[in-house]
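All remarks here apply to the structure that follows.
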Amino acid sequence: MAPLRSAAIIFALGFGVGLAGDACHVASGTTTYEWDGVPEIWKSRAWFPFLVAGAVLLAAWSGRQAGLPERRVRGPVDVVIGAAVVLALYALTAVLRGQPATVSVVLTGAIAVAVWAWWDPSAGALAIAAAAAVAGPLAEIVLVELDAASYAADSDDLGGVAPWLPCLYFAAGAVASGMWRAIEAGQGSQSRR
Amino acid sequence: MAPLRSAAIIFALGFGVGLAGDACHVASGTTTYEWDGVPEIWKSRAWFPFLVAGAVLLAAWSGRQAGLPERRVRGPVDVVIGAAVVLALYALTAVLRGQPATVSVVLTGAIAVAVWAWWDPSAGALAIAAAAAVAGPLAEIVLVELDAASYAADSDDLGGVAPWLPCLYFAAGAVASGMWRAIEAGQGSQSRR
Amino acid sequence: MAPLRSAAIIFALGFGVGLAGDACHVASGTTTYEWDGVPEIWKSRAWFPFLVAGAVLLAAWSGRQAGLPERRVRGPVDVVIGAAVVLALYALTAVLRGQPATVSVVLTGAIAVAVWAWWDPSAGALAIAAAAAVAGPLAEIVLVELDAASYAADSDDLGGVAPWLPCLYFAAGAVASGMWRAIEAGQGSQSRR
């Protein structure tokens with residue numbers, strides 16, 4: 001039961017953060033959905049939050065399976081802070097619409113590095129963060145090519161997606177990499193009580 | 001003497017944060033004072049910082065009286081960080097003027113949750129934060145109804161006040177809930193030395 | 001070798017943060033280089049990142065030489081977080097272009113106080129932060145007087161430089177004050193392993 005419960009919590013967190021963050025991007029006009037083949041949830045087409053939740057779960061599962069040593073052991077409260085910080089960064093990228101790419105990339109990049117170093121400055125977290133920073137934007141470039149969605153003309157300089165997108169995925173990947181273990185740590189401490 | 005000293009410190013912090021944060025809202029045009037029956041302090045009518053300071057003191061006193069267990073014990077340095085973080089969030093809401101409500105509410109809400117979970121992720125802090133998130137905006141709605149002040153037309157969607165206002169009060173309430181004990185902890189550690 | 005290595009790391013960090021932060025200010029139009037007597041690196045004239053790196057190294061060396069007691073002992077990971085947070089604040093000041101001075105000064109000032117209190121809430125760090133908050137803007141005022149560079153007309157209210165500039169230098173000075181010891185702490189812990 002415990003692994004299923006951890007997976008469900010992580011999926012729900014990824015779903016919620018993806019949905020709320022995406023609502024910011026749609027509200028700011030940063031992104032627009034082009035393909036209307038599935039129903040809407042809040043401001044997103046339904047496929048989006050499921051994709052994000054699946055990706056977060058994959059990153060969390062990879063972090064657990066890799067078993068690389070953490071440099072900071074995290075617990076359930078940290079999961080709340082980590083998810084909130086990533087959502088705040090997500091919403092911030094909506095606020096940055098219209099800023100020069102230099103400004104938005106340096107700001108989100110500096111925050112992303114701080115998030116990784118704060119959450120767990122380990123090689124394992126870095127590897128998953130870096131993988132997310134490559135795979136996430138690549139997946140979104142494919143979605144834009146397929147005409148499922150598009151970025152605004154002032155926010156599409158990275159092959160059709162926003163130049164700060166790797167920074168957002170980097171921060172999300174860093175936090176996700178330790179989520180499974182952080183949630184399990186909480187279950188452990190509760191059963192020990 | 002010690003309780004009086006703690007109360008005075010908390011009142012002064014609430015007064016200062018309220019005054020500086022309100023100056024941001026007046027400067028950004030987010031809020032305007034309508035009733036000029038009392039003198040101004042900086043950009044505020046004098047009644048405002050006293051109200052805020054009293055509310056902060058009440059929240060801090062409630063947190064102390066309730067005696068609910070903290071999950072993180074805080075000290076005087078944390079009081080400085082907590083007050084500075086709440087003031088930064090206050091000023092950020094001024095910067096967010098003109099942003100879609102979705103963006104400003106998700107951004108300030110995510111930061112508010114992170115502040116609570118960082119400061120003291122306890123049920124007691126959550127209860128006082130939630131009470132502040134309801135009572136603060138309600139009090140401001142009454143003040144707007146009484147024509148004492150008003151929010152700009154682009155920032156008054158929550159019954160005449162800004163939609164992100166509960167998030168700001170939530171963060172302030174969370175930090176205030178533990179302030180009395182954090183200051184007393186400092187007095188204790190100093191007398192123990 | 002160890003002191004030279006620490007100095008090189010600090011110089012490189014100051015150089016990198018100065019270069020990336022300055023690129024934000026040039027991109028946002030907050031600052032403009034007037035004197036083109038030296039080549040450009042990224043968006044800066046070459047003298048700027050060297051000046052910043054030297055100033056950071058001086059602040060770090062002062063913190064080490066003063067030998068005042070730290071209230072929080074920092075290590076290499078903290079150096080990464082501290083440098084990233086200062087760079088994020090630097091980039092944020094570019095985003096704040098066009099905001100009323102009240103808003104930008106209160107926001108950056110609150111963040112700067114939080115950075116000091118988080119990094120090392122000691123009297124020594126405060127003294128170096130305060131010295132940086134005075135000396136840094138003064139040096140930039142001289143550079144503006146010498147027509148080496150200029151601030152935009154909406155961002156030059158402090159004798160020709162931006163009113164939030166002391167806050168940025170305060171945060172940078174606070175973090176720099178403990179960098180040398182934080183890096184040495186890492187070398188110590190690695191050799192102990």
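The values are calculated or read from the model by the stated rules, or taken from the named source; none is laboratory data. Treat the numbers as computed from the prediction; the structure is a model and nothing was measured. Positions of Cβ are backbone-derived with ideal geometry, glycine not excepted, and every protein chain shown enters the neighbour counts. Each accessible area value is taken on the protein alone, full model and side chains, heavy atoms only, with ligands, DNA and RNA left out. Shrake-Rupley method; radii C 1.70, N 1.55, O 1.52, S 1.80 Å.
Before moving on, here are some points about what is shown:
- Segment B:95-164 shape via C-alpha gyration tensor axes, a/c threshold 1.5: oblate
- Amide H contacts for A:ARG71 (H built 1.01 Å from N in the peptide plane; partners 5 or more residues away or on another chain; cut-off under 5 Å): A:SER122.
- Counted charge near A:PRO3, where neighbours are those whose Cβ lies closer than 13 Å (Asp, Glu -1; Lys, Arg +1): +2
- Whether chain B is rounded, prolate or oblate, judged on the alpha carbon gyration tensor where a/c under 1.5 counts as rounded: prolate
- The other copies place their B:ARG72 label points at 1.0, 1.0 nm from this one, listed shortest first, where each point is 7 Å from Cα along Cα→Cβ.
- On Cα atoms only, tilt of A:76-95 relative to the major axis of chain A in degrees: 10 degrees
- Inter-chain shielding of B:120-126 (mean C-beta neighbours from other protein chains, 10 Å cut-off): 1
- Shielding of A:75-86 by partner chains, average beta-carbon count, 10 Å: 4
- In degrees, nearest ten, helix A:165-177 long axis to first principal axis of chain A (Cα): 20 degrees
- Expected 222 nm ellipticity per residue - DSSP helices of 4 or more, -39500 (n - 2.57), all of the protein assembly as shown, to 500: -24000 deg cm²/dmol
- Nonpolar atom fraction for segment B:1-97, defined as the carbon and sulfur part of the 1.4 Å probe accessible area, stands at 66 percent.
- Ranking of C:THR102, B:THR108 by solvent-accessible surface, largest first: C:THR102, B:THR108 (1.4 Å probe, protein heavy atoms only, all chains present).
- Cβ-derived FRET efficiency at R0 30 Å, B:ALA101 paired with A:GLN187, nearest 0.05: 0.20
- Each Cα pair under 8 Å and six or more residues apart adds its sequence gap; the mean of these over the residue count of chain A is a relative contact order of 33 percent.
- The C-alpha atoms of chain B define a longest principal axis, and helix B:2-27 lies at about 20 degrees to it.
- Computed from protein heavy atoms with a 1.4 Å probe, the total accessible area buried between A and C is close to 1200 Å².
- In Å, descending, principal axis extents of the Cα set of segment C:18-119: 43, 33, 22
- Within a Gaussian network of chain A (alpha carbon springs, distance under 10 Å), most fluctuating of A:ALA88, A:ALA133, A:ALA171: A:ALA88
- Peptides ranked, highest mean first, by Cβ atoms within 10 Å: ranges C:61-69, B:20-28: B:20-28, C:61-69
- Unit charges on C-beta of K, R, D, E only; dipole of segment A:82-193, Debye: 660 debye
- Rounded if a/c under 1.5, otherwise prolate or oblate - the protein assembly as shown, Cα gyration tensor axes: rounded
- ³J(HN,Hα) computed for each position of segment C:31-38 - Karplus, 6.51 cos²θ - 1.76 cosθ + 1.60, integer Hz, glycine/proline x: 10, 9, 7, 9, 9, 10, x, 10
- Applied to segment C:138-149, the Karplus parametrisation 6.51 cos²θ - 1.76 cosθ + 1.60 on θ = phi - 60° returns per-residue 3J(HN,Hα) values of 4, 4, 5, 4, 5, 4, 5, 4, 7, 6, 7, 7 Hz, with x for Gly and Pro.
- Pairwise FRET efficiency - B:VAL134 versus B:TRP35, Cβ, R0 = 25 Å, nearest 0.05: 0.55
- Heavy-atom surface of chain A, accessible at 1.4 Å and reported per residue (Å²): 42 Å²
- Rounded to the nearest whole Hz, the Karplus-based 3J(HN,Hα) values (6.51 cos²θ - 1.76 cosθ + 1.60, θ = phi - 60°) of segment B:66-73 follow the sequence 4, x, 5, x, 7, 9, 9, 7, with x at glycine and proline.
- Per-residue shielding of B:92-104, expressed as the average number of other chain Cβ atoms within 10 Å of the residue Cβ, stands at 6.
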